[in-house]
Amino acid sequence: MIHRRLLGALAVAVLAVATACSDDDGASAPASSPAASGTAAATTSTAAATTAAPTTAATPPSSAAATTAPGEPTPTTGATTGATAAPADTEPPGDPEVTLTQVADLSSPVDLKWRDGDPGLYVVEKEGRIERLVDGEPTTVLDVSDLTSEGSEQGLLGLAFAPGGEVAYINYTDNNGDTVISEHPVAADGTFGTGDSARIVLEIDQPYDNHNGGDLMFGPDGYLYIGMGDGGAGGDPERRATDLSSLLGKVLRIDPAIAQGQPYTVPPDNPFVGTAGAAPEIWASGLRNPWRFSFDRETGDLWIADVGQNAWEEVDVAPATDGRDAGKGLSFGWSAFEGDARYNEDVSPEGHTPPIATYSHDLGCSISGGVRVRGGPIPALEGWYVYGDYCSGLMWALEVTGEGADVAAGRTVELPPVASPSAVLAGPNGETYVLSLNGPVYRLDPA
């Protein structure tokens, strides 16, 4: 896979971040508004960052030529993309132009999902509630605020509906700061069952209060995927991300249904089933804080926005085979690498999958991804990957070229900024939604 970095020339102040924060000492920072704050609905994007750079294939991460000492990223103004420059007499393709349409204003939204046959959008609020939105009007359908911790990177963090929509799973940090995955029946009106009707599926100890991951979703294969951060502090101090005995710093894959008296089962084709000393739930490893990930609804490819440490943010992609098995057994390199720069020298650089795109902390400090657009109201965005940065509020669309093992990054286009974007997510009909931790829920619409 060819590694591409993001093109950009806009430098912004790096601010403290709450949700999915980058840090250098493990301390949870208070929430701050980004320097480039969000604008009112119907702001038109610009094409200020679309000039292509010459193609340069990345040196494989195992090569010394690709390594940089921690805290000393390759000197650039922002980051760069590797798309081939168009000949002087050729007009480049037009850039997508979008507006932001505010569809709701809630409290600290961090996730958005839907279920088949239901007109509502289900928005997760970090404080412990899920709101069902119909025509912009919210109704609380779950409140577990008494069960959730209140730290800056803690709370109710993720939601997934099982196929059919009659059962839901949530990801939250409990009052001890540990990760809990719980199952809830969902009534016809969208109300979630609690108390005796709910059950705990999986509990994972968290050694620190940051880097909890929080995303979960059902993949194309019908199994539940769970994103787990490396356990927190800074710099992966216990080297958990590549430790196959630990569930931290991983994407997990389970069947959450009760079977043989167990709260969940491990699919027999998980890559480390039968591997001595390895946790069989692990699907992929080498992640710092995969705050949000997504499956390409057309190809099944797995896209991960992994929050960086002090210098680089990254986008990872794992192509699927026949729509399945994206990311199976892969390591995405943390903490041997931050982005494609060498980080912890005592972690082997061998065998890791490099990112498809990175950007430096000149442009922000905490990536909020991300979805590859399929369908929806903006044909010009078809196939592009949309993401943003929590600290700076900058938003981008990344052109994706090639398929399968040849997937690569092309141009990038700046989109309207959003204050404190916490997630970029797909809607039921291919719409793209951007959530702001400050409250607004936006939809991308044609300019």
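The values are calculated or read from the model by the stated rules, or taken from the named source; none is laboratory data. This structure is a prediction, so every number in the text was calculated from the model and none was measured. Ideal geometry is used to build each Cβ from the backbone, glycine not excepted, and the neighbour counts take in all protein chains shown.
Just give me the residues in the stretch 312-343 being among the acidic types (Asp, Glu), crowded, with 20+ Cβ neighbours inside 10 Å and more than 17 Å from the chain's Cα centre (by Cα), in sequence order.
Matches in the stretch 312-343: Asp340 only.
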- Within the stretch 226-258, restricting attention to residues that are in a strand (DSSP E or B) and buried (at least 24 other Cβ atoms within 10 Å of the Cβ), which residue is farthest from the chain's Cα centre (by Cα)? Leu252
- Message: Of all residues being surrounded by fewer than 22 Cβ atoms within 10 Å (Cβ to Cβ) and in contact with a strand residue (DSSP E or B) (Cβ under 7 Å, 6 or more places away or on another chain) in the stretch 409-429, which is farthest from Gln309 (Cα to Cα)? Just the residue, please.
- Response: Gly427
- Message: If a residue must be surrounded by fewer than 20 Cβ atoms within 10 Å (Cβ to Cβ) and either in contact with a Ser or Thr (Cβ under 9 Å, 6 or more places away or on another chain) or among the basic types (Lys, Arg) (or both), how many such residues does the stretch 293-309 contain?
- Response: 2
- Item | Selection count where residues are within 28 Å of Pro207 (Cβ to Cβ), part of a loop (DSSP other than H, G, I, E, B) and in contact with an Asp or Glu (Cβ under 9 Å, 6 or more places away or on another chain), scope the stretch 128-177 | 13
- Collect the residues in the stretch 346-388 that are in a loop (DSSP other than H, G, I, E, B) and either closer than 20 Å to Leu330 by Cα or hydroxyl-bearing (Ser, Thr, Tyr) (or both), keeping them in residue-number order. Asp346, Val347, Ser348, Pro349, Glu350, Gly351, His352, Thr353, Pro354, Pro355, Ile356, Ser366
- Task: Say whether the condition of being modelled with pLDDT of 95 or more and either within 15 Å of Trp114 (Cα to Cα) or touching a helix residue (DSSP H, G or I) at 6+ places or on another chain (Cβ under 6 Å) (or both) is met by at least one residue in the stretch 191-199.
- Result: yes
